[in-house]
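The values are calculated or read from the model by the stated rules, or taken from the named source; none is laboratory data. Fair warning: this is a prediction, and the values are worked out from it, not measured in the lab. Glycine also receives a Cβ, built like all others from the backbone with ideal geometry; neighbour counts cover every protein chain displayed.
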Amino acid sequence: MAEVLVVVEASQAAGVKKVTLEMLTIARTLGSPSAVVFGDAAAFTDKLGEYGAEKVYVAAGSDVEDYLVAPKATAVAELVKSAQPAAVLLASTQEGKEIAGRLAVKLDNGLLTDAVDVAADGTATQVVFAGSGIVKSKVTRGLPIVTIRPNSTTPTPQPATPTVEQLTVTVADSDKLTRVVERVAEQKGSRPELTEASIVVSGGRGVASADNFKLVEELADLLGGAVGASRAAVDSGFYPHQFQVGQTGKTVSPQLYIALGISGAIQHRAGMQTSKTIIAVNKDAEAPIFELADYGVVGDLNKVVPQAADEIRKRK
């Protein structure tokens with residue numbers, strides 16, 4: 001079977017991200033999964049092998065690691081030319097999509113973004129127009145280069161013993177126009193990362209204040225989930241932008257999504273409507289979020305959430 005390259009999303013602090021394991025799972029339907037790692041791969045090889053990576057390509061060294069995305073795109077492009085893979089999968093993250101775009105230009109190749117699945121023939125399923133439609137798309141020029149939306153599929157282990165191959169990357173001066181001068185590891189709290197969490201509790205304008213977001217955080221902590229926010233809440237200064245869920249924020253697809261005081265504008269729905277179960281709490285019975293919710297509570301979240309929190313504590 002032909003190789004399928006999976007560009008790994010990982011860090012030394014957090015390890016291999018869940019979206020990488022999802023991509024390896026999808027890659028097995030297309031061919032033989034091979035992982036592409038930038039930097040030291042020693043800490044990641046076992047995990048990648050656990051989810052089916054049969055080979056791990058390592059692109060390391062200052063030419064790759066000391067600059068922004070351009071050298072990484074060059075490394076993948078060179079590998080594609082030599083390995084002739086059946087497809088290339090990348091994460092639909094900020095870096096993943098930029099690598100994908102540069103790769104498509106370098107190879108004069110088609111590109112599909114934000115796919116939630118890829119069939120054996122390379123046909124990708126995409127959610128489009130702010131989540132209002134689902135389309136099937138296929139690259140018509142070159143091989144399938146596809147970015148995968150996080151939380152699109154359930155990662156399934158399939159143990160393999162990967163071989164490790166070091167890549168020699170020739171980086172042009174044009175790839176070195178932006179140097180990384182400092183890296184700061186963000187302090188990681190006890191909550192799971194928003195895009196990888198199986199439970200997300202989000203607050204909207206109806207939370208009414210930054211102080212009131214403690215209700216959202218409390219419920220999330222009791223459920224072992226992550227905290228999100230609508231654009232309205234972020235724009236109002238209630239919660240930091242990095243926790244925004246929506247078309248202009250992060251896309252989540254947890255097993256359980258709880259929307260507190262969120263009206264359900266299309267901008268927000270685009271980032272969470274693929275959640276498996278949706279619970280909404282809003283005092284407006286006509287709020288659009290109820291059209292999407294599996295369970296809805298019409299009421300004041302300041303009364304509903306503390307009662308729910310008390311019931312959860314009793315069952316712990």
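Key figures for this structure:
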read-out	value
Unmet criterion (only one of (1) out of contact with any Lys or Arg (no Cβ under 9 Å at 6 or more places or on another chain); (2) buried (at least 22 other Cβ atoms within 10 Å of the Cβ); (3) hydrophobic (A, V, I, L, M, F, W, C)) for Ala86	(2)
Of the criteria (1) charged (D, E, K, R); (2) at pLDDT below 90; (3) surrounded by 13 or more Cβ atoms within 10 Å (Cβ to Cβ), which one Lys176 fails	(2)
Tally of residues being closer than 20 Å to Ser209 by Cα and not in a helix (DSSP H, G or I) across the stretch 299-316	2
Long-range neighbours under 8 Å by Cβ, at least six apart or interchain, first residue over 21 Å from Gly122 (Cβ atoms) within the stretch 132-160, second aliphatic (A, V, I, L, M) and modelled with pLDDT under 95	Ser132/Ile266; Asn151/Val19; Asn151/Val252
Evaluation of Thr140 against (1) assigned to a loop (DSSP other than H, G, I, E, B); (2) under 30 Å from Ala42 (Cβ atoms); (3) not basic (Lys, Arg) (one fails), failing number	(2)
Within the stretch 100-151, considering residues that are under 17 Å from the mean Cα position of the chain (by Cα) and of a type in the set (S, T, N, Q), the one surrounded by the fewest Cβ atoms within 10 Å (Cβ to Cβ)	Thr125
Where a residue in the stretch 199-216 is assigned by TED's automatic domain parsing to the domain that holds Ser263 and part of a strand (DSSP E or B) and its partner, wherever it lies, is surrounded by fewer than 18 Cβ atoms within 10 Å (Cβ to Cβ) and of a type in the set (A, V, I, L, M, F, W, C), with Cβ under 7 Å and at least six apart	Ile199/Leu256
Some residue of the stretch 57-71 being under 19 Å from Pro85 (Cα atoms), touching a residue at least 24 places away in the same chain (Cβ under 8 Å) and part of a loop (DSSP other than H, G, I, E, B)	no
Test for Ala287: is it within 14 Å of Gly206 (Cβ to Cβ) and either part of a loop (DSSP other than H, G, I, E, B) or more than 31 Å from the chain's Cα centre (by Cα) (or both)	yes
Which numbered condition Ser253 misses (of (1) buried (at least 20 other Cβ atoms within 10 Å of the Cβ); (2) farther than 30 Å from Ile148 by Cβ)	(2)
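Per-residue answers, yes or no, for (1) among the basic types (Lys, Arg); (2) surrounded by fewer than 22 Cβ atoms within 10 Å (Cβ to Cβ):
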position	(1), (2)
Ala14	no, yes
Lys18	yes, yes
Ala27	no, no
Ser32	no, yes
Val37	no, no
Glu50	no, yes
